[in-house]
Amino acid sequence: MSFSGLIGKVTGQPASYYKKSEYSFGKTLGAGTFGVVKYATWNHKKIDDNGKLVPISEEVAVKIILKKNLKGNERMVYDELEMLRQLNHPHVIAFKDWFESKDKFYIVTQLAIGGELFDRICKQGKFTERNAVDTFKDILSAVDYLHHKNIVHRDLKPENLLYVTPDPKSPLVLADFGIAKALESPDQLLTSMAGSFGYAAPEVLMGTGHGKPCDIWSLGVITYTLLSGYSPFRAEDISDFLEEVCGNDAVVFHKRYWKDISFDAKEIIIQMLDVDPAKRPTTDQLKKHRWLVGETANNHTDLLPNIREGFNARQTFKRAIEVVRLANRIKALNMENSDDEDDGEGATDASSSSSSKSKADSMRSKWGLKGNATKAFQEVVLAAARNKDMVKDTNEE
């Protein structure tokens, strides 16, 4: 019997629990449906280029999940782990390690503290359509990698696009794989609820079945917002949204914000935001679009004034809400704290024609049937980017 196995037998802990001694936990960075994300330093050994085992220390993000909050859904954690372990791409958040105790799961990922996509853009001195093309290519590269592995992310949004470090040349990475799914076949359709309102595709909200095209829709919303600073859709609830996207010319390019944006940019957005998922382009087709491979993108007009106007007000409001929610989640978590560990964790609530109106009514009816579907687990590794100042304090509270 191995040493770790012997310790587990004596303490009643799983065999992997010995790994916890390699981590020094710091501040809580964020909270999600089933637990919290904490900053940590990982002190372990690694084989160097000379084949020697040398001690190293890494800054990481650790997601701590209370098993009792999973209520029989432990399988989804193992599925997420299996998915994360097979991912290796410069624009996808890196999986590092995992272990478990009798009460909790610990998932260790790369620490991304360089800030969210739009936060970084708003701090730049200038942002042009050509810069947007370069950003789009990075995001598309990550989505293309996932889709070729038959993985659907299902929650693409700006908050899940993070820079690893504050360095201007830091890579942009896609995070939050909590509701991503590995498809059994390229054309498999999923029916569980997923995504975030404002970015989720119509077929997701309808519950009619969704696959890879739902990521393309989200990518279209991100691209529209990236170039203008505001969302392509005005609706504030699901019912109105479904009616809006079923109308003719649902995507509007307002002259004030779009007069200096190329035709190719508008074309690729319209293609990605086609209400029919079967008509949306694949990642392979997007990579060949003129907007990416040509020279039509405007490299002179600064888009930052418009982007800041629409983005800063929304972010200020969102941050204020997050501070309150984070405090409430951690408070609720402390009330449920188990006795076997000292790291802490949190739990909370997650996260226009007559024909088009008829379609929207049908959609609303279908959504009503699906509204009580089990809510999938939400990855919160992005919390590090939102709370990067906390990383400086590594004392356990």
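The table below lists the values:
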item: Any hit, segment 173-192, residues being in contact with a Ser or Thr (Cβ under 7 Å, 6 or more places away or on another chain) and over 23 Å from Ala278 (Cβ atoms); result: no
item: Tabulated pairs, segment 245-259, first closer than 19 Å to Met206 by Cα, second surrounded by fewer than 17 Cβ atoms within 10 Å (Cβ to Cβ), C-beta under 6 angstrom, 6+ apart or interchain; result: Gly247/Ser352
item: Some residue of segment 230-244 being surrounded by 16 or more Cβ atoms within 10 Å (Cβ to Cβ), charged (D, E, K, R), over 28 Å from Ile107 (Cα atoms) and in contact with a Lys or Arg (Cβ under 9 Å, 6 or more places away or on another chain); result: yes
item: Index of the failed condition, Thr282 passing every other in (1) under 22 Å from the mean Cα position of the chain (by Cα); (2) crowded, with 16+ Cβ neighbours inside 10 Å; result: (2)
item: Subset of segment 54-78 that is in a helix (DSSP H, G or I) and farther than 14 Å from Phe99 by Cα - its residue that is farthest from the chain's Cα centre (by Cα); result: Lys68
item: In segment 245-256, the residues that are surrounded by fewer than 19 Cβ atoms within 10 Å (Cβ to Cβ) and assigned to a helix (DSSP H, G or I); result: Lys255, Arg256
item: So Val152, is it of a type in the set (A, V, I, L, M), closer than 26 Å to Lys288 by Cβ and either at pLDDT 95 or above or under 19 Å from the mean Cα position of the chain (by Cα) (or both); result: yes
item: Residue check for Leu162: under 24 Å from Phe25 (Cβ atoms), assigned by TED's automatic domain parsing to the domain that holds Gln285, crowded, with 18+ Cβ neighbours inside 10 Å and of a type outside the set (Phe, Trp, Tyr); result: yes
item: Asp167 being within 23 Å of His89 (Cα to Cα), surrounded by fewer than 23 Cβ atoms within 10 Å (Cβ to Cβ) and either among the hydroxyl-bearing types (Ser, Thr, Tyr) or modelled with pLDDT of 95 or more (or both); result: no
item: Filtered residues of segment 181-210 (kept if of a type in the set (Gly, Ala, Ser) and crowded, with 23+ Cβ neighbours inside 10 Å); result: Ala194, Ala200, Ala201
item: Criterion violated by Val275 - all others in (1) surrounded by 17 or more Cβ atoms within 10 Å (Cβ to Cβ); (2) assigned to a helix (DSSP H, G or I); (3) among the aliphatic types (A, V, I, L, M) satisfied; result: (2)
item: Of all residues in segment 181-216 being part of a helix (DSSP H, G or I) and of a type in the set (D, E, K, R), the one that is farthest from the chain's Cα centre (by Cα); result: Glu203
item: Count of segment 121-139 residues which are buried (at least 16 other Cβ atoms within 10 Å of the Cβ) and not in a helix (DSSP H, G or I); result: 2
item: Tally, over segment 134-150, of residues that are farther than 12 Å from Ile222 by Cα and of a type in the set (A, V, I, L, M, F, W, C); result: 3
item: Residues located in segment 71-86, provided they are touching a Lys or Arg at 6+ places or on another chain (Cβ under 8 Å) and either at pLDDT 85 or above or in the same structural domain as Asn150 (by TED's automatic domain parsing) (or both); result: Gln86
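Residue by residue, here is whether (1) in a helix (DSSP H, G or I); (2) at pLDDT below 90; (3) not hydroxyl-bearing (Ser, Thr, Tyr) holds:
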site	(1), (2), (3)
Gln285	yes, no, yes
Ala297	no, no, yes
Arg319	yes, yes, yes
Asn328	yes, yes, yes
Ala332	yes, yes, yes
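The values are calculated or read from the model by the stated rules, or taken from the named source; none is laboratory data. Computed from a prediction, not measured in an experiment: that's the story for all the values here. Every residue, glycine among them, receives a Cβ derived from its backbone with ideal geometry; neighbour counts consider all protein chains shown.
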